[in-house]
Every structure is written in structure tokens, then in C-alpha cells.
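This report concerns only the one structure given below.
The values are calculated or read from the model by the stated rules, or taken from the named source; none is laboratory data. Given the structure is predicted, the values throughout are model-derived calculations rather than measurements. Note: ideal-geometry Cβ built from the backbone for every residue, glycine included; neighbour counts use all protein chains shown. Quick note on the areas: whole protein, heavy atoms, side chains included, nothing else; ligands and nucleic acids left out. Shrake-Rupley method; radii C 1.70, N 1.55, O 1.52, S 1.80 Å.
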Amino acid sequence: SLGLLKMDFLGLRNLTMIEKTINLVEKSIGERLDPDSLPFTDEKTFELLSRGDLEGIFQLESSGMRQIVKDLKPSSLEDISSILALYRPGPLDAGLIPKFINRKHGKESIDFQHQLLEPILSETYGIMVYQEDVLKVANQFAGLDLGEADVLRRGMSGKFRSMEEFTAVERKYFANCKAKGYDDQLTTEVWEQIKSFAGYAFAKGHSASYAVESYQSLYLKCYFPLEFMVSVLNNGGGFYDAELYLHEAKKCGGIIHPPCINTSDHPNIII
């Protein structure tokens, strides 16, 4: 509304860390891994993930996220993508993560609220997770066209093209739902779910890309833990201080040597 433009530029150091790990692995085994060819169904990698052994892992190593992952026990790349999208202010405040976990493990029945929502939200246990979910619900449930649905999404995230345009679409949502014969409680419940979530939603491509990076890190830590930890240290660490990553290297069987004027290099090395 002030005519100012906000731009985000992401510098993801984790990509460099993955590359450094692969370089160290190549020196160790004489073979270069292709991170884009790693199997996304590796059981040992998902066991590591479910244990919460996530120090150094992109997007997953904070204490809060580790606990959520241990409770969820992800079994697919889609699970990782979903939890990355849900670990944000709106879904957290709305209590959607416990719902997602309980529904995955069959501890809570899945309520789609309306038959039109089932094909949209079946992959995520009846919970809106991505921006695309908001667009599809507004389009297929409330009969808004996709342009109007995007006005709704943008308005709820505070990115108004114009307040008047958002208000008009809001009115149309409720009018369309009334014309479709939905009772007021259903209409309001779906609206509140959109409202609590849309302001912080990830696009699915964004979350899936992060999930791939997280999984690649997990795979490398699972099979090449020393190379991985050395790369984390050489890349400036992660969520924690260097001391923790040195301790993790020791847990993996590493012996930490002090700097040596004859053999040390500027980065940490494996000898």
C-alpha cells in the first residue's frame, strides 16, 4: 500500500556443503556421487531421520523440528516436504502439525469436511499444506476462478494488490458458498482454515526443493558421516556452534587432532 517492493534473495550454503561432502567422499572411495541420482526410498536414511539424528541437516536440525520429525517418523520425501511447509507460524498457531502427525499414524480420523476437498487434500491427510491447496480449495470448493483465488491467497499474506479487490473476492467466496447450498458453519470453517494458513504458505515446489536438499544431506550423513561433519564445519557450521559438530564427528568414530603446522590445511581435513 506504500508502493514499496520487498525482495528476498536466498543464499543457501547447504548446496556448497553437499558439494564439499561429495568432494571428500570422492577422495575417500575414488568414486564421485551424483546427488541428483540418490534413491529417495533408502531405509537407512529414513531410520536416521526418524531417530532425530539431524545435527547438520538442512532445515531439520533445530530442537523443535527434531522433535516433530521424531513424532512424525517420515517415510517419504512427501512427508519431509509437508513438514517443512507446516513448520511455520500460521500452521503452528493453528495446531495443524499435531493433527498431521496423528492422522498419518491413524490416531485421529481424517475429516475432509466436504467431498470436494478429498481429492485436493488426500495426500496431506485432509490438511492444507501448500499455496496450491489454498488455490484449489478456493477454486473447486468456493467456485472462485484461479485469478480470484490468488487474490485471496495474496491478501491473506498481507500482499494486497488492493484492499478493495481482496474484499470483493472475500464477499464472492461467501456468496458462492451460500449459492452452492453449504451451511454457514462449513463455509466459515473452511474460510478459517484458509485464513490461518494462507499467510505463511509455501508453494509446493519451494518446499519440495528444500525436502530434496534435506534428504541429500541425510543420505550423505547416513553413509559418509565423517565427510559430512567435516564439510559442515568447513562450511561455517549450521544451527549450532562448532563444538557440537566436533562432538558429532567423535560419535562417528573420528579422532580430532589439533592444528599441525606440517600437515594441516586451512579447512578441516580427513587424514
> Take the residues of region 98-137 that are among the hydrophobic types (A, V, I, L, M, F, W, C) and open to solvent by 10 Å² or more (accessible area, probe 1.4 Å): which is farthest from Lys70 (Cα to Cα)?
Replying inline: Leu116
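Kindly indicate which of Glu47, Glu55, Glu31 is modelled with pLDDT of 90 or more and more than 27 Å from Ile97 (Cβ to Cβ).
Result of the check over Glu47, Glu55, Glu31: Glu31.
It is to be established whether one or more residues within region 189-207 are modelled with pLDDT of 95 or more and open to solvent by 60 Å² or more (accessible area, probe 1.4 Å).
First pass over region 189-207, keeping only residues modelled with pLDDT of 95 or more: none.
Checked region 189-207: no residue is modelled with pLDDT of 95 or more and open to solvent by 60 Å² or more (accessible area, probe 1.4 Å).
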> Under the condition of being more than 19 Å from the chain's Cα centre (by Cα) and open to solvent by 100 Å² or more (accessible area, probe 1.4 Å), which residue from region 21-51 is nearest to Val232 (Cα to Cα)?
Replying inline: Lys27
>> Looking at Phe58 and the list (1) part of a helix (DSSP H, G or I); (2) within 19 Å of the chain's Cα centre (by Cα); (3) not acidic (Asp, Glu), which single condition is not satisfied?
In response: (1)
> So Leu144 fits all but one of (1) among the hydrophobic types (A, V, I, L, M, F, W, C); (2) at pLDDT below 90; (3) surrounded by 13 or more Cβ atoms within 10 Å (Cβ to Cβ); what number is the exception?
Replying inline: (2)
>> So Leu186 passes all but one of these: (1) out of contact with any Phe, Trp or Tyr (no Cβ under 8 Å at 6 or more places or on another chain); (2) crowded, with 21+ Cβ neighbours inside 10 Å. Which condition number does it fail?
In response: (2)
> Taking region 214-271 as the search range and keeping residues that are of a type in the set (D, E, K, R) and open to solvent by 60 Å² or more (accessible area, probe 1.4 Å), which one is modelled with the lowest pLDDT?
Replying inline: Asp265
> If you check Ile18 against the conditions, is it at pLDDT below 95, open to solvent by less than 40 Å² (accessible area, probe 1.4 Å), under 17 Å from Tyr210 (Cβ atoms) and β-branched (Val, Ile, Thr)?
Replying inline: no
>> Which of the numbered conditions does Gly95 fail, given that it passes all the others? Conditions: (1) more than 30 Å from Pro225 (Cβ to Cβ); (2) over 15 Å from the mean Cα position of the chain (by Cα); (3) open to solvent by 30 Å² or more (accessible area, probe 1.4 Å).
In response: (3)
>> Residues that are part of a loop (DSSP other than H, G, I, E, B), more than 23 Å from Ser63 (Cβ to Cβ) and not polar (S, T, N, Q): does region 233-248 have at least one?
In response: no
